[in-house]
Amino acid sequence: MQKFIRGQASTLLRRLAYLSHDAVQLGSAEAIHDLRVGIRRLSECLREFESFFPAGRAKKVRKHLREVMKLAAEVRNRDIAMALLQKAKVIANEGLDREWHRAKQNLMDILRTWIRHGVTQKWREELNV
């Protein structure tokens, strides 16, 4: 069972690395949504099967994932708000546009840091997957 769970975590980490690169390269609403889904799936795996990983490591990784999930949610919420305004044929105000750019920049900054420092690879080692 442990081998299977660690294999799943390894796959989810590999997928998260790919989705992080995608989000930085594309920056699209879809790429950010996919990133959020990848984070959620990995977080759930680490939470449900925490006992199969070295003590405290899964919790530490989940904490970092929560931080990025919050940033991605900020971008996603503004994407949805702007799409709804556009659908209602209401002109979005500059404040919302500035908030979206700031939120997206914050997310991209942390994702670039993850990529530059090989964070998912470090987590793979910490989790022994």
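Pairs meeting the criteria (first residue in segment 83-98 and closer than 18 Å to Ala29 by Cβ, second residue among the small types (Gly, Ala, Ser), beta carbons under 6 Å, at least 6 apart or on different chains) are Leu85/Ala92. None of Arg40, Arg36 is closer than 20 Å to Leu111 by Cβ, exposed (fewer than 15 other Cβ atoms within 10 Å of the Cβ) and at pLDDT 95 or above except Arg40. Within segment 82-129, can you find the residues that are farther than 23 Å from Leu12 by Cα, surrounded by 12 or more Cβ atoms within 10 Å (Cβ to Cβ) and basic (Lys, Arg)? Matches in segment 82-129: Arg102, Lys104. Of all the numbered requirements in (1) crowded, with 17+ Cβ neighbours inside 10 Å; (2) closer than 18 Å to Val129 by Cα, Glu50 misses one, and that requirement is (1).
The values are calculated or read from the model by the stated rules, or taken from the named source; none is laboratory data. Predicted, not measured: the structure shown is a model, and the values here were computed from it. Because the Cβ atoms are built from the backbone with ideal geometry, glycine has one as well, and the counts that use them run over all protein chains shown.
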